[in-house]
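The values are calculated or read from the model by the stated rules, or taken from the named source; none is laboratory data. All of these numbers come straight from a predicted model, not from anything done at the bench. Note that we place each Cβ from the backbone using ideal geometry, even for glycine, and neighbour counts take in every protein chain shown. The protein model used for the area step is the full one, side chains on, heavy atoms only, and it has no ligands, DNA or RNA in it. Shrake-Rupley method; radii C 1.70, N 1.55, O 1.52, S 1.80 Å.
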Amino acid sequence: MSNVELSINRRTEALILRYEHDRPVIEDAARQTLTREGLEGYRDVASAVLHPYDEKLSVRSLRGEAWAGAFLENERFASALISKEKELGLDHLPVHFFGCAPLELMLHLASCLPRRRLRVYQQSGSGEWSLGFDRTMAAASEDFLEVEGLPKAKQGGSGVVALVVEVTRAIGDQALEAFRRKHGANLLAEVRVRPVRGPGPAAIQSPAEVSRAAEQLRGVLGDLHERLGGATSMLLAMDCPGSFAAALGTAVNVNTQLPLWLHHYDADRRQYLLVQEMKAGRAAPLAVEYTTAQFAVAAKVLGEVRKVHQELVSWLSESAQQDLLSELSEQDRTHFVRGSVEDAPSTGPIEIYRHFEGKWGFDVGMLLALKELKDRVGSEDWKECVRLYMVHEVFHVQQGGLTSYTFSGSGRTGFVLEAADFDADAIAIEVALAWRKSKQEGTVAGDGETRTMERIIWNAMESLRMFEPETPIRTLSERRLRRYLIWMFQVCRLSALKLTSARGPAPKLERATVEIAGLKTSPDPFETYSQRRVDLLDVDLDDELITGVYFQRKLVRDPDRRWVKRVLEALSRWGEKPREDAQDEMRRLFEEFFNRHRELVQSR
């Protein structure tokens, strides 16, 4: 589907997606369903058909390998949607998914649509549609699924894992027998997943149960990857409603889980057919089709990143710098300093840092973002941003749980992530300060360590903005906002101390907790798990807003609502101003705050 066929415009608020492999989806029936659900079904709601129904082109009649075109069609649709949204300045439109298609295609298409609100509707035997799954809906409190056969601890061996999801009918015996016949002793584990109340046409009683099931299945996929280190792939067979298959698709992340081999049961042949291998780097469903010129720019930036990396690891290998990496294990330290950067930009998802190989990978999108960062901050500060980023990521390896292999879902425990990120940031800043003292000794001596560290942290904050899913920044997840607040507090505090600490060592970076309570929030469309997002430009002064800071065993609670509004507006419009002006505005705002709470800027 090309961009032209996606009839959306700048006013579009949502998209109805009609997926017609098996039978037509009537547009008016879909719109009426939205209206029944209490949603806008007509005004500024676009509609698109993916794979218009044609009984002569049924994918179900094809052999497994011939399904490839249908999966590619899904990926091209997702890429076209992203491109059109980018062209129009739209931010991940909500999608209302009405699907009449094989389960495997429903799962795959949903997996191609991350970071957006996704509502999937289920058609009953009478033809009526109702909500089957909503990515942003709170999950039921009770487990919906029971899991059988999941290894309780890590185990050795190499081979494949069988995973059978049986919601509507009990298919486990039949599916597992088929997998045993084909894979024999190569089966490492046989995992069956079914509703606690047992499989059956009425097993699902609410969309909240499906949300809970998606959470559980995400956990199962993660546990299998973690506990079966020798597994090469998962063989999936399922019998469930289409909306449930789509929900399972939102739990799939082939970059952090085992490759998933989708099997379709061919009733005529009475056999399970392999129809798709979902694995990292296969087709990059969400990859934008970059132009030759964009790829050339990305390749040039990658070369510059490679030079920065080489300079950094060469310097860190010197005996004078050995203490800087003392918190890393010998293995992690060796892999870092002997590592390298990939030769070419990736056009799809890629592991940022494969620490066992010491290999750094960058996709085209990230490299273009790095180019924009360089244009904003200048060459030398840009190099420091790259060094900060690399040291931060390497320290995450030592921490565990936040590597390129295990980061998925880390934002669910937001406060824990903040603590881990603060320590990684602090280590990176210490290394950056040591670099400046080594390479720019006279400048650091003249400016003082405190002013120098302040400048480093401003660079770190510029780097943070590069990873936001929208530009300019109008909304932030609550946890992401707290990270900005923490470092704005830290850097503005250093600015307030730079005269009193002009000639001594920079103050030690101590962990601070900073939070604004009372802000209005909404479900976060950029994550597959439940998370709240704050609109930075929608602060209501009638709401009771409290800024809380806990630092150096001191607790501060500040009720100034107008100050909160001005700080969030300044953060939102950061990139619209020259960086010096943006920094000075934030300094002035925090000077007001520190003037009310001078205990926070006392040297010790």
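Values as computed for the structure displayed
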| item | result |
| --- | --- |
| In region 325-346, the residues that are polar (S, T, N, Q) and surrounded by fewer than 18 Cβ atoms within 10 Å (Cβ to Cβ) | Ser326, Ser329, Gln331, Thr334, Ser340 |
| Number of the exception - Val297 against (1) modelled with pLDDT of 90 or more; (2) surrounded by 15 or more Cβ atoms within 10 Å (Cβ to Cβ); (3) more than 27 Å from the chain's Cα centre (by Cα) | (3) |
| Tally of residues being farther than 16 Å from Val567 by Cα and not in a helix (DSSP H, G or I) across region 441-476 | 7 |
| Region 131-146, residues that are open to solvent by less than 60 Å² (accessible area, probe 1.4 Å) and outside any loop (DSSP other than H, G, I, E, B) | Leu131, Gly132, Phe133, Asp134, Leu145 |
| Test: residue in region 165-185 that is open to solvent by less than 20 Å² (accessible area, probe 1.4 Å), among the acidic types (Asp, Glu) and either farther than 30 Å from Arg31 by Cα or out of contact with any strand residue (DSSP E or B) (no Cβ under 8 Å at 6 or more places or on another chain) (or both) | yes |
| Residue check, Ser522 in contact with a Pro (Cβ under 9 Å, 6 or more places away or on another chain), at pLDDT below 95, open to solvent by less than 90 Å² (accessible area, probe 1.4 Å) and not hydrophobic (A, V, I, L, M, F, W, C) | no |
| Looking only at region 230-262, and only at residues there that are small (Gly, Ala, Ser) and part of a loop (DSSP other than H, G, I, E, B), the one that is surrounded by the most Cβ atoms within 10 Å (Cβ to Cβ) | Ala251 |
| Selected residue (only one of Ser83, Ser61 is open to solvent by 10 Å² or more (accessible area, probe 1.4 Å), free of Cβ contacts under 8 Å to residues at least 60 places away in the same chain and either more than 24 Å from Ala247 (Cβ to Cβ) or of a type in the set (Gly, Ala, Ser) (or both)) | Ser61 |
| Residue among Arg18, Arg10 that alone is within 27 Å of the chain's Cα centre (by Cα), over 19 Å from His264 (Cβ atoms), open to solvent by 50 Å² or more (accessible area, probe 1.4 Å) and at pLDDT 90 or above | Arg10 |
| From Arg511, Arg436, residue being part of a helix (DSSP H, G or I) and either surrounded by 17 or more Cβ atoms within 10 Å (Cβ to Cβ) or touching a residue at least 40 places away in the same chain (Cβ under 8 Å) (or both) | Arg436 |
| Region 190-210: number of residues that are open to solvent by less than 10 Å² (accessible area, probe 1.4 Å) and out of contact with any Phe, Trp or Tyr (no Cβ under 7 Å at 6 or more places or on another chain) | 3 |
| Of the criteria (1) touching a residue at least 40 places away in the same chain (Cβ under 8 Å); (2) open to solvent by 10 Å² or more (accessible area, probe 1.4 Å), which one Arg562 fails | (1) |
